[in-house]
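For reference, the structure is listed below as structure tokens.
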Amino acid sequence: MENFNVNRIDKEDISVLYISGFLDAHTAPELEEAIQKLIDGQRYKLVINFKDLSYISSAGLGVFMGFIEQIREHSGDIKMSNMTPKIFRVFDLLGFPTLYDIVEDETLAIIKFRS
Amino acid sequence: MEDAKEPGIVNSELDQRHVELKSLFETSKVLNSSLQLNTILNNLLLTPMGRMMISRGLVMVSEDGNKFSIRNIKGLSRELLNSTCDVEFRFDKPVFLTDVDLNECKLKNFFLELGIELILPINSTSRMIGMIALGKKINRSRYTEAELEFLNSLTNLASTAIENAIIFQKLESVNRKLDTKIQQLNTIFDIGRELNSTLDKKKIVNLLVYAIMGEMAAQRCNIFLKKGTKLTFADYRGGATKTGEMAVFADPDLLRELADVTKPFLVKDTILPSALAPLRNLNINAVVPMRIQDKTGGVVLLGERINHVDYTADDLEFLATLCNAAAISLENARLFDETIEKQRMEEELNIAREIQTRLLPDSYPEYDHFEIMGYNVPSREVGGDYFDCIRLDQHRFAIAIGDVSGKGAPASLLMSNLHAGLHTLIMTKADITTILSKLNNLIQAHTTFDKFITFFYAEINIDEFTLTYANAGHNPPFLYRRDGSCMSLEKGGLLLGMMPNLTYETETIQLKPGDQLLMFTDGVTEAMNTLEMEYGEWRLQAILEYALKNDLKIQELINKIVVEVKDFSQGMPQADDITMLGLKVLN
């Protein structure tokens with residue numbers, strides 16, 4: 001089984017999740033749990049840093065869909081950054097860029113929250 | 001990153017198709033590699049949600065074909081998880097809720113309220129095992145034919161995996177139950193071994209308490225044990241014993257009801273008799289009797305388990321087995337104590353027997369013209385029969401026989417009193433009348449009215465060949481004369497110990513060579529056979545006649561009587577002490 005990891009760094013009211021490895025149906029619950037924890041702590045401003053993610057499946061994308069409404073209801077958002085072209089292609093193919101802020105760099109994502 | 005969206009790289013039909021196939025491939029790989037229902041359902045929901053940008057969805061699964069429960073949920077309140085309902089609606093392809101008749105699908109409104117738009121069946125070869133419900137796509141576009149086809153393929157792929165996972169889950173639960181049973185059996189085995197290796201009551205109770213509390217994680221445990229016929233509070237573990245509780249546990253009505261418990265039961269599932277009602281307030285959840293040979297030897301009260309889970313029927317069965325094993329152990333310990341106690345008493349009685357035997361003569365004065373022989377076998381370890389033969393002076397000796405009312409240890413105490421009294425009086429050189437009167441007063445003064453002694457006393461003058469006697473209510477001894485006549489020696493008075501200040505008659509008989517005197521207690525004449533017939537005086541007289549004719553030695557006579565009485569009683573246990581004293585006058 002491929003490894004998947006989530007690390008979290010809080011920057012004031014914004015939480016950055018660094019995800020690495022394989023994100024598929026097997027590892028999706030780990031990410032779900034990490035996001036659920038943030039929501040339980042009423043932290044609704046999320047940046048997902050994809051820098052070290054080597055693979056994402058449709059199921060992995062599904063995780064973001066499962067939380068987005070609830071987060072936006074609380075004036076929060078999920079912003080995504082640092083995707084490799086391979087990962088971005090998957091998001092792009094399925095039309096995610098029309099719904100999510102996908103930016104080149106984590107700092108940019110944080111700036112977007114601030115503005 | 002807008003520049004990544006260049007024509008030729010994205011939006012190509014081929015790429016779409018590629019991702020779709022890859023997704024199906026990955027899904028099928030994941031589905032078939034997992035037996036965990038949740039992983040499968042995660043995949044089943046997250047894949048279309050990710051692919052088609054759907055923000056909410058749920059999966060319902062049915063294990064029996066009727067009750068469907070929500071087993072996975074995304075983008076909706078988690079409180080819905082595991083809620084269950086009956087679903088009669090059956091369908092075999094993706095259906096939009098707007099196209100469904102409310103009468104057909106009662107869940108329609110429930111789904112619409114959750115923002116569900118599309119439901120898909122998960123059908124196995126034999127039945128519908130579940131359904132997926134998906135919300136609107138976030139970009140509000142309608143599901144395309146291709147997407148519906150993809151979803152259909154996905155559910156088809158999932159159905160076998162889900163079915164397997166359900167079976168696997170059931171197996172796991174059965175396995176778990178089996179493991180629990182094995183664990184409990186091991187505990188019973190372990191405890192059984194421990195219980196069998198100890199006869200210490202305190203240790204047995206300790207073992208029981210720890211086994212129960214360890215295995216069941218019970219917060220508290222009270223043990224009551226039977227003492228005599230009543231239950232009493234024996235031990236307590238867990239929490240603090242409050243004074244109010246101890247009062248409840250001492251209530252005789254409660255203890256009586258508990259003593260009648262024959263089967264383990266749960267307090268919450270049982271209509272309690274009013275005497276047991278206080279158990280509810282004491283946080284007692286289960287009552288388990290300690291049964292031994294169809295009797296309740298004790299009761300264990302169990303508090304709530306630490307994990308707040310109810311005791312199951314299996315648990316109660318386990319507890320009952322454990323408690324019964326402990327009950328047997330406690331009974332063994334009790335029997336062991338009893339045996340020890342009995343052994344101690346037997347030892348004491350043996351010592352008493354030895355003392356008593358020493359009170360009876362073990363040798364007889366030797367005279368040229370008199371043969372004397374005594375015989376005594378008590379029916380128990382010690383007895384109340386007495387006989388004696390005492391040299392008075394160079395011309396005279398005394399013979400005596402007595403029978404104390406009752407048997408065993410009490411009678412033996414009085415018998416030793418009689419022995420001491422007689423020997424003391426003889427030393428005062430008192431005459432026969434005085435001896436019997438004083439003995440009577442002595443016995444009467446120190447016993448209750450229902451204790452008395454039949455007693456025969458005689459003195460023989462070896463120079464004059466005379467026998468002077470007095471009989472205090474004893475079976476008259478037989479004096480067989482050489483000429484074939486027989487005398488009953490009856491002169492005397494009342495039994496010793498009945499009333500004070502009595503006088504006793506005496507009679508003097510001139511003895512002749514060949515005369516035989518047999519003194520005996522009623523243990524001889526009242527010996528029973530299996531037909532409940534008594535040996536009787538006539539049989540005794542017949543032997544005496546025979547002895548006279550055949551000129552038997554006194555020892556031979558006594559032995560013959562012993563053998564005949566034994567033959568007569570045909571193995572019936574000896575009911576009373578048997579004592580004889582014989583005297584033969586020689587040429």
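Bear in mind that the values in this text are calculations on the coordinates, not laboratory data. As the structure is a computational prediction, the values presented were derived from the model and not from experiment. Glycine also receives a Cβ, built like all others from the backbone with ideal geometry; neighbour counts cover every protein chain displayed.
Within the listed set A:Thr98, A:Thr84, A:Thr27, the Gaussian network model of chain A (springs between alpha-carbon atoms below 10 Å) gives the highest mean-square fluctuation for A:Thr98.
A simple spin-label model places pseudo-atoms 7 Å from Cα toward Cβ; at B:Leu586 and B:Tyr367 they are separated by 1.2 nm.
Here the label points at B:Phe265 and B:Asn196, each 7 Å from Cα along the C-beta direction, are separated by 3.4 nm in the simple model. Among the trypsin sites (Lys or Arg not before Pro) in the range B:296-403, those placed in a DSSP loop whose Cβ has at most 16 other Cβ atoms within 10 Å are B:Arg380. The dipole here belongs to the range B:198-335: it is taken about the Cα centre, uses +1 on the Cβ of Lys and Arg and -1 on the Cβ of Asp and Glu, and is about 500 debye. The gain in end-to-end length when the B:Asp86 to B:Gln570 segment is fully stretched comes to 166.0 nm, 0.36 nm per residue minus the alpha carbon separation.
Overall dimensions of the range B:198-335, expressed as equivalent-ellipsoid semi-axes from the Cα gyration tensor (√(5λ), whole Å, largest first), are 20, 17, 15. Could you work out how far helix B:537-550 tilts from the main Cα principal axis of chain B, as a 0 to 90 degree angle to the nearest 10? Compared with the principal axis, the helix lies near 50 degrees. For the range B:360-585, taking the reciprocal of the average inverse distance between every pair of different Cα atoms yields a Kirkwood hydrodynamic radius of 17.7 Å.
Give me the count of lysine pairs in the range B:441-567 whose alpha carbons sit under 24 angstrom apart, restricted to pairs 8 or more positions apart or on different chains. Lysine pairs, 8 or more places apart or on different chains, close enough: 8.
Remark: the B:Val174-B:Glu526 segment gains 119.4 nm on full extension, using 0.36 nm per residue and subtracting the alpha carbon distance.
Calculated translational diffusion coefficient of the protein assembly as shown (10 °C, 1.306 mPa s; Stokes-Einstein with Kirkwood radius over alpha-carbon pairs) equals 45 µm²/s. Here is the size of chain A from its Cα atoms: Rg then Dmax, 12.8, 41 Å. Given R0 = 45 Å, the distance between the Cβ atoms of B:Ile340 and B:Lys553 translates into a calculated FRET efficiency of 0.45. Only the Cβ atoms of Lys and Arg (+1) and of Asp and Glu (-1) were treated as charged; on that basis the dipole of the protein assembly as shown about its Cα centre amounts to roughly 1960 debye.
Here B:Ser274 and B:Lys295 are evaluated by their C-beta separation; at R0 = 35 Å the FRET efficiency comes out at 0.90.
Checking every one of the trypsin sites (Lys or Arg not before Pro) in the range B:176-222 against DSSP loop status and a limit of 15 other Cβ atoms within 10 Å picks out no site at all. Within chain B, all pairs of alpha-carbon atoms sorted by distance into 20 Å bins from zero give the percentages 15, 22, 18, 16, 9, 11, 6, 1. Placing unit charges on the Cβ atoms of the charged side chains and taking the dipole of the range B:2-170 about its Cα centre, the candidate lying farthest along the positive direction among B:Asn42, B:Phe168, B:Val61 is B:Phe168. Remark: the range B:502-584 carries a charge dipole of roughly 440 debye about the Cα centre, counting +1 on each Lys and Arg Cβ and -1 on each Asp and Glu Cβ.
Once the Cα-Cα distance is subtracted from the 0.36 nm per residue extended length, the B:Ala146 to B:Ile355 segment shows a gain of 63.9 nm.
Loop-located GluC sites (Glu not before Pro) across the range A:1-80 with a Cβ neighbour count of 15 or fewer within 10 Å are A:Glu2, A:Glu12, with loop assigned by DSSP.
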